[in-house]
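Data first, discussion second: the structure below is written as structure tokens.
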Amino acid sequence: MIQRLLPAWLRSYRREHLAGDVIAGLVSGIMLVPQSMAYAQLAGLPAQVGLYASIVPLATYALLGSSPVLSVGPVAIVALMVLAGLEPLAAPNSPEFVHLTLGLSLLIGIIQALMGLLRLGFVVHFLSHAVISAFTSASALIIGFGQMKHLLGVKIPTSESFPRLLADLWNSLDQVNFLTLAIGLLAITILLYGQMGLGSHLTRLGIPKPWILPVTKAAPLAAILVTTLVVSLLGWSDRVAVVGVVPQGLPPLTLDVIRDQPWGSLMPPAIAISLVGFTESYAMGQSLASKRRQKVDPDQDLVGLGAANVAAALTGGMPVTGGISRSVVNFQAGANTGLASLITAALLALTVLVLTPLFTDLPQTTLAATVMVAVFKLADFRPLQHSWHYDPAEAGVWLLTFAGVLLVGVEPGIALGALGGIGVYLWRTSRPHLAIVGQVPGTEHYRNIQRHQVLTNDQVLLVRVDESLYFANAAYLETRLLSWVAERPQVQHLVLICSAVNAIDGSALESLLDLISKLRDAGVTLHLAEVKGPVMDRLSKIGIEKKLHPGQIFLSTHQAATTLAGHQQASLPL
């Protein structure tokens, strides 16, 4: 009985997985310590909140989630959304702000868990790739430039829009703290060297390959140690902004999370973070799982992430999701099961128990540098370039989302993008592609008369509709068919080829029945061909065979063409 309660990976754990899980857990933990504090600062929270969010929530997902390599914790984009959603309600870094964050985490957890239990994981697909790509790129710019104030050591208010942020930064250039800037640039140098040059140098020195990844991924921790040591030894803590005292000890239980929460005001950011966080997490988990021919269950993942966010709310944390860079490193370091995440969580627990006094003189500019180096590479404009050449409408959705996030805000920008994507879909499907087809000589294949030299019959009009039929395109289909019939007075039979029709809704059915009547009045008989089984099942329920009579339903286009054409001579179109 107890064994059934254990996660699948733990019930069938294999000894050969242990080495990879231990190494991956340690490497991910080394990355997560500086990242969690940096992303807490980005969200307007004390550094310890990020550390707390990386312990119990991470372990919770490891036990309930479906991805064996996904590293759950604070991430930059979710941190930005937390700040954007809560700043109108309370001042960042205040006790009220922290309390609101706990309530937001709880609400996100409930939403995600309910979605998973109700098997609503498919909802994430309503955010198209263009929307997610544009949102990520715009958020990366907002996050990166938003951290410039810490890098420069200037005090500017948190701006509601990106242009205002740029203007405030420009106007504050005469207040730059050059000591803070120098320390920040030192941290950036260490971080970039760890990403770009250290690995090749270690390889040339003959360092064993298994050691190179842990060393290179320790660059953020090295940046923290070096800059903290510099500030501490030289006594600069009064000249640069530092993190200050970080409480020592395991995260406290925050059971009063539901007290005095403005749930109505928290609901919009909670919904947005739930969808965006899950989208980022699931996409990464699925991508990594495919490399090992494994599967990720979206509904189980929602339950795991929901439980992780509830755990964050109850242990003083912030909203969490699967991190892209950490998950990739976890995968590359050899993680095989959720044990790697449990080891990472244990390392974070050890950090808050023992090491937090070392962070007192940690410069805030170092955390800002950590965030900037991590997020600027997320600004990717290649999808826009590809869409511009392949699908201008998709590029328009990308630009709409990008501009909305930068100029209006995170949540409105996502909403604009989602509505734009739905609008493009409705526009396309409301004017479905229709093709008059003819027979490819010597075959049973039928192709568009505008693209191929095919055989046609003046009395039989063969039309293929390349879209499902629903309320938005029913009138367009009827108008086009009647127009083509009016242009061809010799037509006696119209065959509607339904090979691409996956569904016909009630409005389209009414339009189809009306079309049968109008064609009959014009002396033309409507026939159907290549109707798919599920569509035919529904049409049969309303007696479509009787309503079509004398029209017929043919198994194939060739059967319809030969039956209706009889012995008449077909000809090539002019």
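Here, each number is a calculation from the coordinates, and none is a lab measurement. It should be emphasised that the depicted structure is a prediction, and the values quoted were computed from it without experimental measurement. Cβ sites come from the backbone with ideal geometry, for glycine too, and all protein chains shown count toward neighbours.
A few comments on the model shown:
- Backbone phi angles across the range 226-243, fed through the Karplus curve with coefficients 6.51, -1.76 and 1.60 (θ = phi - 60°), yield HN-Hα couplings of 5, 5, 5, 5, 4, 5, 5, 5, 8, x, 9, 5, 8, 10, 10, 6, 10, 5 Hz in residue order; Gly and Pro are listed as x.
- Check: the chain dipole with +1 on Lys, Arg Cβ and -1 on Asp, Glu Cβ, in debye: 1280
- Distances between placed amide hydrogens fall under 5 Å for V75 paired with T321, all partners being 5 or more residues away or on another chain.
- Per-residue HN-Hα couplings for the range 248-256 [Karplus 6.51, -1.76, 1.60; θ = phi - 60°; Hz; x = Gly/Pro]: 9, x, 5, x, x, 6, 10, 6, 8
- Taking the Cα centre of the range 34-187 as reference, the dipole from Cβ charges on Lys and Arg (+1) and Asp and Glu (-1) amounts to some 240 debye.
- A dipole drawn for the chain from +1 and -1 charges on Cβ atoms has a positive end, and of H389, N330, A475 the residue lying farthest that way is N330.
- 3J(HN,Hα) couplings calculated from phi for the range 162-167 with the Karplus curve 6.51 cos²θ - 1.76 cosθ + 1.60 (θ = phi - 60°) are, in sequence order, 5, x, 5, 4, 4, 5 Hz; Gly and Pro show x.
- If you plug the beta carbon distance of L253 and V328 into 1/(1 + (r/R0)^6) with R0 = 30 Å, you get a FRET efficiency near 0.35.
- Taking only the Cα atoms of the range 345-417, the ratio Rg/Rh comes out at 1.25, with Rh defined as the Kirkwood radius.
- All lysines inside 26 Å of K209 as judged from Cα atoms, apart from same-chain residues fewer than 8 positions distant: K217, K291, K377
- Quarter of the Cα convex hull surface for the range 326-479, i.e. its orientation-mean projected area (nm²): 18.2
- Taking amide hydrogens as placed 1.01 Å from N in the peptide plane, the amide H of V242 sits under 5 Å from those of Q364, each at least 5 positions away in sequence or on another chain.
- Taking other residues whose beta carbon is less than 13 angstrom from the beta carbon of L198, and scoring Lys, Arg as +1 and Asp, Glu as -1, yields +2.
- Estimated dipole of the range 290-340 in Debye, rounded to 20 [Cβ of Lys and Arg +1, of Asp and Glu -1, Cα centre]: 300
- In the chain, Rg over Rh equals 1.12, where Rg is the alpha-carbon radius of gyration and Rh the Kirkwood radius from pairwise Cα distances.
- With the biggest extent put first, the Cα atoms of the range 182-260 measure 58, 33, 20 Å across the principal axes.
- Once both labels are positioned 7 Å from their Cα atoms along Cα-to-Cβ, the gap between S430 and F178 label points is 6.1 nm.
- Nonlocal amide H pairs with M318, under 5 Å, H built at 1.01 Å: A53
- The chain: antiparallel DSSP beta bridges as a percent of all, rounded to 5: 50
- Grouping the Cα pair distances of the range 155-300 into 5 Å bins from zero gives a pair-distance distribution of 2, 6, 8, 8, 10, 15, 16, 16, 11, 5, 2, 0 percent in increasing distance order.
- The convex hull built on the alpha-carbon positions of the range 401-470 has an orientation-averaged projected area of 7.2 nm².
- Cα-based values for the range 226-281, radius of gyration first and Dmax second, are 19.3, 49 Å.
- Principal axis dimensions, the range 1-116 - Cα atoms, whole angstrom, descending: 50, 32, 20
- Overall Cα dimensions of the range 490-574, principal axis frame, Å, largest first: 38, 27, 24
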